[in-house]
Every structure is written in C-alpha cells, then in structure tokens.
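Novice: Starting off with a structure, shown below.
Every read-out reported here was derived from the displayed coordinates using simple, explicitly stated rules and does not represent laboratory data. Nothing here was measured: the structure is a model prediction, and the numbers come from that model. As a convention, Cβ positions derive from the backbone with ideal geometry for all residues, glycine included, and neighbour counts pool all protein chains shown.
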Amino acid sequence: MLRETFAFRTLHVPQALTLVACCLLSAACSSTSHTIIPKSLQGQVDQNLSFSQIKKSPDSHVGTLILVGGEILSAKRLKDHTRLTILQLPLTDNQEPTSNRTKSEGRLLAFQSEFLDPATVPNGTRVTLIGKITGSQTELLDEMDYVYPTMTIQHLKVWEDVDDSGYGYRPYYGYPYWGPYWGYYGGLYRPYPYWYWW
C-alpha cells in the first residue's frame with residue numbers, strides 16, 4: 001500500500017510542475033503583448049509602422065493609429081488641448097520607452113484634447129502613447145526648420161522615474177486624472193518636499 005501511494009505521488013509531480021510552468025509562461029506572454037493597448041483599440045494599432053517611416057513621410061500615414069514611446073521635452077496647455085513635444089525613444093518588450101536618448105529617431109508633437117495638466121507630465125517624463133497621425137508641422141528648432149510628425153492622443157501611459165539612489169522606482173507624486181481610452185496615472189512634481197525623500 002505504501003509503495004502504491006509513493007508511486008502515485010511521484011507519477012504526478014512532473015505533471016504538476018509542467019502545469020505550473022505552462023501557467024507562468026502564459027501569464028508572462030499575456031502581460032507583455034497587450035499591457036498598454038486597451039481592449040477597445042486592440043487590432044486597430046499598426047505596430048509594423050516604424051517611427052522612421054512616419055518621420056520620413058508623415059502626411060502619407062494620416063489616420064493611422066500607432067504606438068510610440070518617448071520622453072516629454074515640453075507640455076503646454078492651450079485653449080482647447082494640451083500640446084506635448086516628445087523625443088521619440090525605442091520601446092522595450094513591455095512597451096516601456098528606454099532611457100537612451102542616443103537611440104532616438106527624432107521628435108513629434110502629440111495633442112491631448114481632454115484636460116491634461118502640464119504639471120503632471122514635466123520635462124523628462126517617459127510616456128508610451130497610442131495616437132492617430134494627423135500630418136506634420138514645421139517649426140523653428142534652434143536655427144533650422146524642423147518637420148514634426150503630429151498626432152492626436154487616444155491613450156497615454158506615464159511611466160515612473162528610475163531612482164538613482166539605488167532604492168528602485170520612485171512613485172509619482174501628484175493628482176490622478178482620467179480620460180477616454182486611458183487610465184489612472186500620477187504626476188510628478190519637482191522639487192520634492194523635504195519629507196518625501198527616502
């Protein structure tokens with residue numbers, strides 16, 4: 001009887017481990033593929049269109065919904081929208097922008113029609129956004145004319161800053177905002193109050 005029980009248990013240990021491994025693998029795959037894109041926009045985003053292609057000919061891609069990441073260079077609240085100037089950055093597997101500016105392929109202008117307080121997205125904030133290309137806009141950058149691809153924001157994800165002190169990520173400090181197609185995010189106010197530091 002003892003031998004039969006032992007044999008039964010050892011027979012099912014590999015099967016149990018296989019099941020656990022499959023579950024973990026499935027969870028990992030699902031968490032990296034569509035963590036940024038809302039269900040209402042899945043299937044509509046053209047993830048094969050690169051930023052270099054958009055920058056080369058933005059007007060030929062008008063109306064295309066794309067996924068792009070970057071770092072905010074400036075945010076300005078205008079009469080009926082908020083204008084974000086963004087330095088494009090490559091995305092990691094989980095659709096988070098890298099911090100390596102040397103890998104950037106250029107700049108873009110993104111417009112948010114819903115209320116967005118510029119104080120919640122200060123310069124240096126890393127974002128991933130889903131936007132619809134609206135064309136291009138030429139403006140003076142230093143002493144040269146620069147052509148910015150333009151887009152309207154459908155979904156905005158704000159990422160936390162990496163803490164240089166070695167304690168990992170520092171949470172955002174600010175107020176929550178919501179809008180259609182995009183969820184909760186926090187803003188980061190600088191400088192931090194004296195009690196905020198670790």
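Novice: Hey, rough spin-label estimate for residue 79 and residue 102, points 7 angstrom out along Cα→Cβ, what's it come to in nanometres?
Specialist: Modelled inter-label distance: 4.5 nm.
Novice: While we're on this one: With a point put 7 Å past each Cα toward its Cβ, work out how far residue 139 is from residue 92 in nm, to one decimal.
Specialist: It is 2.9 nm.
Novice: Among the lysines, which fall within straight-line cross-link reach of residue 55, defined as a Cα-Cα distance under 20 Å, with same-chain neighbours fewer than 8 residues apart omitted?
Specialist: Result set, ordered by chain and number: 103, 132.
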